[in-house]
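Enquirer: This is the structure, below, for whatever I ask next.
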């Protein structure tokens, strides 16, 4: 008997959640199609994570050249070309996107180009083609938000999407939003000589991180000449002939000020791409635009799943990928690991110094009534960090004093985004700081600071 469906699974959206879900489903034997309106790899590979990290690497090299005296070299007439950095970042993105196209062919996944719309619970229409699917994964992602009354025009008022590809930098810019996106662009732009002001409405920049972590970054940014305005609301943005007037209200002093810049970058968050994709026709429930899902990414319609930024759980590429794997396995009836605790997901900011964290902050842990043990180790006492000329920052481990459970990890300093997996694995496998401390770490490495902070938590720190 022939199936009433064209595919076992259709994935709507080819970003880091969607394409990973499609590959995992194909591995599990499902006949799979993926619909993408624009670029395989989505925002992450084309406009976000990957090209921004390439730009950050260029900025790191520019800054390193500025430290010539410390490393014993000097030169005259240094020139830097930001357009070359942008072109390099586009080449890297293009290479990875081609790699995803290869993986689609390798896994016999049909890629359908176009804008997909649900017309009933089992049908997605792309142009004139109606595609029937036994199961559907919605992976349409999100897009940049703005503040009320301010339109992103792509030329003077930008989102990350326009900022990542502009080859000629403005003399000055105001970045609205001091989260990871805003702070990463601030670092890059400042490295190339742009006068940067970062405005954050909450009490400190990187508001989702420990305040003492954020302060290390803030100190480094101010030293580099970046103007940070925390606890400050952007009241208005007016396009004038020669500049953009940005009216700010300092909530600490209750003072209002207008500053001027050549451009404004909006980095205030993400809203879901849930409009116009037929959620109503399929009966999929939403809350303020976000699609509601359970621990295996299932919506209120049993055969329809949703992943990534569309769910509003945690707007990070690696979270979308993890959700995609779980959704595909759940649809295929394979063993999977439901995701219930998003606080345990790793969080990274790639400015300089880097920031990496997972779990609860100290304040959150105390609010939840835990009796805490805390271990902290500074990079200024780590030999590898000193050799690199990267002395700023620390590693902080927060644990439950009763059972030794790791509740949170907060790191700021050199390459800490690369140090986080040891601790996220330890948390997942329920290892304790005592076990981390006993695990021999190679010397000299940055990772020794993890071992040292675990020793410090237990009350027998060696090198502090």
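Enquirer: What is the spin-label model distance, in nm, from residue 340 to residue 195 if the labels are put 7 Å beyond Cα along the C-beta direction?
Expert: Taking the two extended label points, one gets 5.4 nm.
Enquirer: Looking at the stretch 307-439, send over the antiparallel percent of its DSSP beta bridges, to the nearest 5.
Expert: 100
Enquirer: Here is a follow-up. Out of every Cα-Cα pair in the chain, what percent are more than 32 Å apart?
Expert: 46
Enquirer: From largest to smallest, what semi-axes in whole angstrom does the stretch 124-181 give when each is the square root of 5 times an eigenvalue of its alpha carbon gyration tensor?
Expert: Three semi-axes, in Å: 35, 14, 12.
Enquirer: From zero up to wherever the largest Cα-Cα distance of the stretch 157-268 sits, split into 10 Å bins and tell me the percent of pairs in each.
Expert: That works out to 15, 50, 32, 4, 0, in percent per bin.
Enquirer: Work out, step by step, the length gained on full extension between residue 71 and residue 132: first 0.36 nm times the residue separation, then minus their alpha carbon distance; give nm to one decimal.
Expert: Full extension from residue 71 to residue 132 adds 15.7 nm.
Enquirer: On each of the three principal axes of the Cα atoms of the stretch 306-436, give max minus min coordinate, whole Å, ordered largest first.
Expert: 50, 35, 26
Enquirer: If I model a spin label as a point 7 Å beyond the Cα along the Cα-Cβ vector, how far apart are those points for residue 367 and residue 27 in nm?
Expert: For the pair residue 367/residue 27, the computed spacing is 3.7 nm.
Enquirer: OK, next. With viscosity set to 1.306 mPa s and temperature to 10 °C, compute the Stokes-Einstein D of the stretch 21-118, Rh being the Kirkwood radius across alpha carbon pairs; µm²/s, no decimals.
Expert: 97
Enquirer: FRET efficiency for residue 253 and residue 165, Cβ-Cβ distance as r, R0 = 41 Å, nearest 0.05?
Expert: 0.65
Enquirer: Now a separate question. Treat the count of other C-beta atoms within 10 Å as a stand-in for reagent exposure and order 371, 309, 250 from fewest to most.
Expert: Ranking 371, 309, 250 by Cβ neighbours within 10 Å, fewest first, gives 371, 250, 309.
Enquirer: Also, I was wondering about something else. Output the relative contact order of the chain, whole-number percent, from Cα pairs under 8 angstrom with separation of 6+ residues.
Expert: For the chain, the relative contact order is 14 percent.
Enquirer: Same structure again: What's the exposure ranking of 345, 104, going from fewest to most Cβ atoms within 10 Å?
Expert: Result, fewest neighbours first: 345, 104.
Enquirer: Also: For the stretch 232-329, what mean projected area does the convex hull of the alpha carbons give, in nm²?
Expert: 9.4
Enquirer: I'd like to compare 451-462, 18-29: which one has the highest average count of other Cβ atoms within 10 Å, and what's the full order after that?
Expert: 18-29, 451-462
Enquirer: Still on this structure, please answer the following. Would you mind ranking 8, 120 so that the residue whose beta carbon has the fewest other beta carbons within 10 Å leads the list?
Expert: Neighbour counts put them in this order, fewest first: 120, 8.
Read-outs throughout are calculated quantities, based only on the coordinates presented, and are distinct from any laboratory measurement. Since this is a predicted model, take the numbers as computed values, not measurements. For neighbour counting, all protein chains shown are included, and Cβ atoms are generated from backbone atoms with ideal geometry for every residue, glycine included.
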